[in-house]
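**Student:** Supplied in structure tokens, the structure appears directly below.
The values are calculated or read from the model by the stated rules, or taken from the named source; none is laboratory data. Keep in mind it's a predicted model, so treat the numbers as computed, not measured. Here Cβ is always computed from backbone atoms with ideal geometry, including for glycine, and neighbour counts include all displayed protein chains. Surface areas here come from the heavy atoms of the whole protein model, side chains and all, with no ligands, DNA or RNA. Shrake-Rupley method; radii C 1.70, N 1.55, O 1.52, S 1.80 Å.
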Amino acid sequence: MTIFFAILFSVSTLVFVAGLAMKIAQYARTPAPLKIPTTPAPLTKGGVALRLGREALLFESLFRGDKLLWLFAFVFHLGLAVVLVRHARYFQGEAGPLVALVQPLAQPAGLAMVAGLTLLLARRFVIERVRYVTGPSDILMLALLLAIGVTGMLMKCVIHTDIVMVKAFFTGLMGFELRPLPADPLLGLHLLLVCLLMIVFPFSKLLHAPGLFFSPTRNQTDNPREVRHLAPWAAKLDEGQ
Amino acid sequence: MAAAPFDIPALGDPAEHPVPALKPGAMAASKPYVAAEAHQQPLGFPGELAEGWEKRAIDHMGGLLSKYRSLQVFMDICVKCGACTDKCHYFLGTGDPKNMPVARADLFRSVYRRYFTPVGKIAPGLVGARDMTREVLDEWYSYFHQCSQCRRCSVFCPYGIDTAEISMAARDIMDSIGQGQKYCNEIIGKVHRIGNNLGLPAPALLDTLEGLEEDILDETGVPVKLPVDVAGAEVLLVTPSADFFAEPHVLGLIGYAKVFHAAGVSWTLSTKASEAGNFGMFIGNYEQMKKISMRIREAARELGVKRIIFGECGHAWRVAYSFLNTLAGPWDFLDSRYPVPQHILEFTSDLIRRKGIRLDKSGNDGMVLTVHDSCNVARGARMGTEPGGQFTIPRAVIAASVPKLVDMHPDTICDKTFCCGGGGGLLTDELIELRVKGASPRMEALKDVVDKQGVTHMAAMCAICKAQFTKILPYYDFDREMVVSVHQLVSNAIVLGDND
């Protein structure tokens, strides 16, 4: 089990990092030939940073569009964020101050994550319009996240695993040193699902996380009359005249 | 009026946000006429679908994905959350689920996934990936011509996914394989051949404007001019060609002329650039959009004007405000003290603020106004120096011209405004059912203020909105003359003769 997960984690981390880097590079490389911010839009780069910050941290547009969905999504993402920060303790020799800060929130955050996901899944069946646009991959993605959350919560609250050994495994792995992982089926399942999530991330709708920052309707300044915006391929058309 | 061969949506209370139940396939048969070879070839598009079009469509899609970050990012990042599903006026009016923005985008995304993503290539069923087939193309043709590119969905999308970008790309792909839309492509042909969307040749234009000058003189006793091709004028006015003949558009044109007259600013129209609208955007074709824009640059150069001002037109203002500098700039040969281009409402509101013109509200006695924010002005452009000036400036001009102005329900105005139902290249008779049904959210909000606040008229600042409302208001038992140009109100209120 130890060797299997050592290999699997290395591979899935590689796929995750390389895949994400390739997608981000693709977004960064593809030009935006026209100014298309959804107006009213900020006039300055600082204003754009604030707009993106509000979108990424508060889900501002979603709040305007659908309050209930906003609540479910916010509860899930907030829970996820806390849980992710807290998991840093398995990769750091000494837990940092942020990790220590969220430590007492681990259980409520895990619950929030699972509850948020359950509600998000339920609305895919309950609301007719959302059911119509839901495909198998949308259900599977929620199920995957839910399974990761539930196995994690079970280990945290019911069937404890030896987290000292888990930490030793991961800190060891980061130094290319093999240390044993507890032979615990629940932990195995949890880690397997996490690896699966990392592998599918760059090929799935989870790209919404980096993608938001490349969305031209949100990341452009509203100054087309003041500054001439010209993509390289469009500039070539200019030369042709 | 005669009974329509389709149901007119019932109007509810806009505060309750009525959302219809899904009616799958309700609008599957709605589609505009396909462009004939005669409409396609002047634009450089193939005359008809020919063997191997599927591959050419996919190749073209690949090209667009590498040229437009919007398209590439929007294809990848939708999570199908459904926040957009009750935001499109065409969905609200028809109940057809493929008019939900995410479902419309998925018509395109399903093909993208099949040919451009690993999962779509390996396991198409898992992510709803589809081959490019005749059935898919027919669906594209139908439903990408049920999007007016109004961008309302993009306001509420947590990632700003703009279905307008996707429908533009789909239309460009269809043009590139010979499945163009007659209405748009015929009109673009006229712009290139004659100078404007209506196909109004220069002598007819001169004749019309002379007639208007006489009308104004008869009515006011003041010799207000409508100059054309006057070299050395200060301002080049570029306005939608509907302003030259249709009502209420032409009453707005008279308003612009009176404002220029009262302000003592010399101006001219151009026979070469006798059209503000740029249908190149509707068909998502950068080259066409640029070619149409270059007419304005050439006209400004030839006439030696110092400023360019655009008349009331929604999509035209988006192209002008957001794209003109990109497409036809730089504008360093014009007077740098003024933005290029300016909107006529910026010009007029500035004059009102500086007391450069005088308005007498009694000219619009008995009218209670509301204002329809045109979608592409509201969400694709700006006026003035502050974000949201596109909302405050038209309201300031209307408020200065009329005794009373009230707003419609807050979820139907400003950046949440609904499209009139006829924008984005859909203002054609064969789409009348779509246009009537798509107008229902706006009609609902209008009826609300008519019933509760005694509104008598609705001001519009877009040629398409004006034409669309004039046509569809009677379907909802309103008077077609309820819709007025903003500058028609200015025209009724302006005090002429100060400068004489």
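**Student:** Within the set of other residues whose C-beta is less than 11 Å from the C-beta of B:Leu269, count the net charge using Lys and Arg as +1 and Asp and Glu as -1. Provide the component values of the computation, followed by the final result.
**Tutor:** Numbers: positive: B:Lys225, B:Lys272; negative: B:Asp229, B:Asp243, B:Glu275.
Within the 11 Å Cβ shell, the charges total -1.
**Student:** If you filter segment A:136-241 for chymotrypsin sites (Phe, Trp or Tyr not before Pro), then keep DSSP loop positions with at most 13 other Cβ within 10 Å, what is left? Before the final figure, lay out the partial values.
**Tutor:** Details: sites: A:Phe169, A:Phe170, A:Phe176, A:Phe203, A:Phe213, A:Phe214, A:Trp233; in loops: A:Phe176.
Hits after loop and neighbour filter: A:Phe176.
**Student:** Further question: Looking at segment A:58-105, which chymotrypsin sites (Phe, Trp or Tyr not before Pro) are in a loop (DSSP not H, G, I, E or B) and have at most 14 other Cβ atoms within 10 Å? Show your work: numbers first, answer last.
**Tutor:** Details: sites: A:Phe59, A:Phe63, A:Trp70, A:Phe72, A:Phe74, A:Phe76, A:Tyr90, A:Phe91; in loops: A:Phe59, A:Phe91.
Hits after loop and neighbour filter: A:Phe91.
**Student:** Which angle between 0 and 90 degrees, to the nearest 10, do you get for helix A:2-29 versus the longest principal axis of chain A when only C-alpha atoms count?
**Tutor:** Tilt of helix A:2-29: around 10 degrees.
**Student:** Right, another one. Only helices at least 15 Å long along their axis, Cα-based, and averaging 1.0 or more on Kyte-Doolittle count here, so list those DSSP H runs from chain B. Don't skip to the end; give the middle numbers.
**Tutor:** Working: long enough: B:53-67 (21 Å, -0.61); B:101-116 (22 Å, -0.32); B:163-176 (20 Å, 0.06); B:182-193 (16 Å, -0.71); B:202-220 (27 Å, -0.04); B:249-263 (21 Å, 1.09); B:286-303 (26 Å, -0.96); B:389-401 (18 Å, 0.76); B:440-453 (19 Å, -0.91).
Within chain B the helices that satisfy the rule are B:249-263.
**Student:** Moving to a separate point now. As an exercise, use a Förster radius of 41 Å and the Cβ-Cβ distance of B:Thr392 and A:Lys67 to find the FRET efficiency, rounded to the nearest 0.05. List each step's numbers first, then the result.
**Tutor:** Details: r = 27 Å, r/R0 = 0.66.
Approximately 0.90, to the nearest 0.05.
**Student:** Shape call for segment A:131-179 from the C-alpha gyration tensor, a ≥ b ≥ c root eigenvalues: rounded (a/c under 1.5), prolate (a/b greater than b/c) or oblate? Please report the intermediate quantities before stating the final value.
**Tutor:** Working: a/c = 6.51, a/b = 1.99, b/c = 3.27.
Because a/c hits 1.5 or more and a/b fails to exceed b/c, segment A:131-179 counts as oblate.
**Student:** Multiply the residue separation of B:Ala38 and B:Arg301 by 0.36 nm, subtract the distance between their alpha-carbon atoms, and state the gained length in nm to one decimal. Mind dumping the intermediate values first?
**Tutor:** Values: separation 263, 0.36 × 263 = 94.68 nm, distance 3.18 nm.
Extending this stretch completely gives an extra 91.5 nm.
**Student:** OK, next. Round to a whole angstrom and tell me the spacing of the C-alpha centers of segment B:204-272 and segment B:427-500.
**Tutor:** 22 Å
**Student:** Using Cα-only point scatterers and the Debye equation, what is log10 of I(q)/I(0) for segment A:62-121 at each q in 0.16, 0.25 Å⁻¹, rounded to two decimals?
**Tutor:** So the normalised log intensities are -0.53, -0.90.
**Student:** Further question on the same structure: Shape of segment B:14-187 from its Cα gyration tensor (a ≥ b ≥ c, root eigenvalues): rounded if a/c is under 1.5, otherwise prolate when a/b > b/c, or oblate?
**Tutor:** oblate
**Student:** A further question follows. Calculate the FRET efficiency for A:Phe91 and B:Asp332 from the Cβ-Cβ distance with a Förster distance of 51 Å, rounded to the nearest 0.05.
**Tutor:** Values: r = 56 Å, r/R0 = 1.10.
Here the calculated transfer efficiency is 0.35.
**Student:** Just to confirm the number: angle between the C-alpha axis of helix A:136-157 and the first principal axis of chain A, 0 to 90 degrees, nearest 10?
**Tutor:** Relative to chain A, helix A:136-157 is tipped by roughly 40 degrees.
**Student:** Shielding of B:146-155 by partners, i.e. mean partner chain Cβ atoms within 10 Å per residue?
**Tutor:** Working: counts 0, 0, 0, 0, 0, 4, 1, 2, 7, 6.
That average works out to 2.
**Student:** Also, quick follow-up: Out of the total accessible area of chain B (probe 1.4 Å, heavy atoms of protein only), what percent is carbon and sulfur?
**Tutor:** Values: 8530 of 16390 Å².
Roughly 52 percent of what the probe reaches on chain B is carbon or sulfur.
**Student:** Percent relative contact order of chain B, based on C-alpha pairs within less than 8 angstrom and at least six residues apart? The partial results should precede the final answer.
**Tutor:** Values: 942 pairs, mean separation 93.8, N = 500.
Relative contact order of chain B: 19 percent.
**Student:** Using only the Cα atoms of segment B:225-273, build the gyration tensor, take square roots of its eigenvalues as a ≥ b ≥ c, and label the shape rounded, prolate or oblate: rounded if a/c is under 1.5, else prolate if a/b is larger than b/c, else oblate. The partial results should precede the final answer.
**Tutor:** On the way: a/c = 2.74, a/b = 1.28, b/c = 2.15.
Since a/c reaches 1.5 but b/c is at least a/b, the shape of segment B:225-273 is classed as oblate.
**Student:** Tell me which of B:Cys157, B:Asn99, B:Tyr143 sits at the most positive position along the dipole axis of segment B:14-187, charges placed on C-beta atoms (Lys, Arg +1; Asp, Glu -1).
**Tutor:** About the Cα centre, the residue reaching furthest to the positive side is B:Cys157.
**Student:** If you stretched the chain out fully between B:Arg480 and B:Asp13, how much longer would it get, using 0.36 nm times the residue separation minus the C-alpha to C-alpha distance?
**Tutor:** Values: separation 467, 0.36 × 467 = 168.12 nm, distance 2.21 nm.
My answer for the length gained is 165.9 nm.
**Student:** Here is a follow-up. Normalising by the residue count of chain A, find the relative contact order in percent from Cα pairs under 8 Å and 6+ residues apart. If you can, show how the numbers build up before the last one.
**Tutor:** On the way: 228 pairs, mean separation 90.6, N = 241.
The normalised contact order for chain A reaches 38 percent.
**Student:** What percent antiparallel are the DSSP beta bridges of the protein assembly as shown, to the nearest 5? Provide the component values of the computation, followed by the final result.
**Tutor:** On the way: 2 of 19 bridges.
Bridges in the protein assembly as shown are about 10 percent antiparallel.
**Student:** Summing -39500 (n - 2.57) over the DSSP H runs of n ≥ 4 in chain B and dividing by its residue number, what mean residue ellipticity at 222 nm do you reach, to the nearest 500 deg cm²/dmol?
**Tutor:** Details: 23 runs with 230 residues, N = 500.
Mean residue ellipticity, 222 nm, calculated: -13500 deg cm²/dmol.
**Student:** In percent, what relative contact order does segment A:77-150 have, based on Cα pairs under 8 Å that are 6 or more apart in sequence? Please report the intermediate quantities before stating the final value.
**Tutor:** Numbers: 52 pairs, mean separation 22.2, N = 74.
About 30 percent, as a whole number.
**Student:** What's the total accessible area buried between chains B and A, using a 1.4 Å probe, rounded to the nearest 100 Å²?
**Tutor:** On the way: alone 19070 and 14730 Å², together 28220 Å².
Between B and A, the summed buried area is about 5600 Å².
**Student:** Under a Cβ-Cβ cut-off of 11 Å, what is the net charge of the residues other than B:Glu247 that fall near it, where Lys and Arg count +1 and Asp and Glu count -1? All intermediate terms of the calculation are to be shown ahead of the outcome.
**Tutor:** Working: positive: B:Lys466, B:Arg480; negative: B:Asp243, B:Glu481.
Counting the neighbours of B:Glu247, the net charge comes to 0.
**Student:** Could you list the square roots of 5 times each eigenvalue of the Cα gyration tensor of chain A, that is, the equivalent ellipsoid semi-axes, sorted largest first and rounded to whole Å?
**Tutor:** Over the Cα atoms of chain A, the semi-axes work out to 38, 23, 18 Å.
**Student:** So what's the protein assembly as shown giving for Cα Rg divided by 2.2 N^0.38 Å, two decimals?
**Tutor:** It is 1.04.
**Student:** Further question: Loop sites only, by DSSP: take the trypsin sites (Lys or Arg not before Pro) in chain B that have at most 15 other C-beta atoms within 10 Å and name the longest stretch containing none of them. Intermediate values should be presented prior to the final figure.
**Tutor:** Details: sites that count: B:Arg337, B:Arg354, B:Lys355, B:Arg358.
Of all site-free stretches, the longest is B:1-336.
**Student:** Here's a follow-up. Please report the equivalent ellipsoid semi-axes of chain B, computed as sqrt(5 x eigenvalue) of the Cα gyration tensor, largest first, in whole Å. Could you put the intermediate results ahead of the total?
**Tutor:** Details: eigenvalues 288, 143, 77 Å².
Equivalent ellipsoid semi-axes, largest first: 38, 27, 20 Å.
**Student:** May I pose another question? Starting from segment B:296-336, pick out the chymotrypsin sites (Phe, Trp or Tyr not before Pro) whose DSSP state is loop and whose Cβ has at most 16 other Cβ atoms within 10 Å.
**Tutor:** Working: sites: B:Phe310, B:Trp317, B:Tyr321, B:Phe323, B:Trp331, B:Phe333; in loops: B:Trp331, B:Phe333.
Here the chymotrypsin sites (Phe, Trp or Tyr not before Pro) that fit, given the DSSP loop and packing criteria, are B:Phe333.
**Student:** Report, ordered by chain and residue number, the lysines lying within cross-link reach of B:Lys452, taken as a straight Cα distance under 25 Å and ignoring same-chain residues fewer than 8 apart.
**Tutor:** Within the straight-line limit of under 25 Å, B:Lys452 reaches these lysines: B:Lys87, B:Lys361, B:Lys404, B:Lys416, B:Lys437, B:Lys466, B:Lys471.
**Student:** Given a Förster radius of 56 Å and the C-beta distance between B:Arg354 and A:Leu14 as r, what FRET efficiency does 1/(1 + (r/R0)^6) yield to the nearest 0.05?
**Tutor:** Working: r = 65 Å, r/R0 = 1.16.
Efficiency, rounded to the nearest 0.05: 0.30.
**Student:** What net charge is computed for the residues neighbouring A:His208, neighbours being all others with C-beta under 14 Å from the C-beta of A:His208, Lys and Arg scored +1, Asp and Glu -1?
**Tutor:** Summing Lys and Arg as +1 and Asp and Glu as -1 gives +2.
**Student:** Looking at chain B, send over the antiparallel percent of its DSSP beta bridges, to the nearest 5. Intermediate results must be reported in sequence, preceding the final value.
**Tutor:** Working: 2 of 19 bridges.
Just about 10 percent of them are antiparallel.
**Student:** Per residue of A:127-140, how many C-beta atoms from partner chains lie within 10 Å of its own C-beta, taken as a mean? If you can, show how the numbers build up before the last one.
**Tutor:** Numbers: counts 3, 5, 13, 7, 3, 10, 14, 3, 8, 5, 9, 5, 0, 2.
Counting other chains' Cβ atoms within 10 Å and averaging over A:127-140 gives 6.
**Student:** Let me ask something else about it. Quick check for me: using +1 on Lys/Arg Cβ and -1 on Asp/Glu Cβ, what's the dipole size of the protein assembly as shown about its Cα centre, in debye to the nearest 20? Can you show the working numbers first?
**Tutor:** Values: 74 positive and 72 negative charges, 528 e Å.
So the magnitude is around 2540 debye.
**Student:** Per residue and in Å³, how big is the convex hull formed by the alpha-carbon atoms of segment A:163-203?
**Tutor:** Dividing the Cα hull volume of segment A:163-203 by its residues yields 71 Å³.
**Student:** Now for a separate question. Just checking the output field for A:56-64: average partner chain Cβ neighbours within 10 Å of each residue's Cβ? Working shown, then result.
**Tutor:** Numbers: counts 1, 0, 0, 2, 1, 8, 6, 3, 7.
The shielding value for this peptide is 3.
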